Amino acid sequence: MRSIVPGMPETGELNLRDGRLGEDLVEIGVVNVWSSLWAREGLSRRDRSLVTLGILMALGAEDELRSHVRIGLNNGLTRDEIAEVVYHASGYAGFPRAMAARKVAREALGE
């Protein structure tokens with residue numbers, strides 16, 4: 001997985017099982033998203049990061065957004081580009097979602 005998304009641990013290095021309800025969900029996500037979608041050739045990793053940030057902002061998925069801000073930096077996005085995604089999301093996902101996304105992005109960027 002590291003070859004697909006720099007900085008991400010290999011699947012075998014992740015502690016995916018906690019013995020609780022739905023413990024397979026994370027593994028399913030890792031296999032379906034990281035191993036399948038991110039490995040496709042139709043978009044660059046940088047472009048996939050842009051798309052993913054916008055989707056996560058619209059969904060209000062703040063924990064995932066925090067991770068993907070850092071992944072976006074690793075994939076070549078600049079801080080200014082991440083800020084532009086937040087601004088652009090305000091017009092489509094709404095101002096409250098954009099404000100929440102800005103807060104998460106600032107935290108992820110250490111601001």
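Only the coordinates and a few stated rules stand behind these numbers; no lab work does. None of the values given here were measured: they were computed from a predicted structure. Cβ: placed from backbone, ideal geometry, glycine included. Neighbour counts: every protein chain shown.
See the values below:
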item	result
Label point distance in nm, residue 20-residue 47, each placed 7 Å from Cα along Cα→Cβ	3.9 nm
Spacing of the two label points (7 Å from each Cα toward its C-beta) at residue 63 and residue 33, in nm	1.1 nm
Relative contact order %, segment 44-111, counting alpha carbon pairs below 8 Å whose residues are six or more apart	40 percent
Environment charge at residue 89 (Cβ cut-off 10 Å; Lys +1, Arg +1, Asp -1, Glu -1)	+1
Highest to lowest packing among 42-55, 18-31, 61-74, scored as the average C-beta count within 10 Å	61-74, 42-55, 18-31
Net dipole in debye of segment 35-111 [+1 Lys, Arg Cβ; -1 Asp, Glu Cβ; about Cα centre; nearest 20]	40 debye
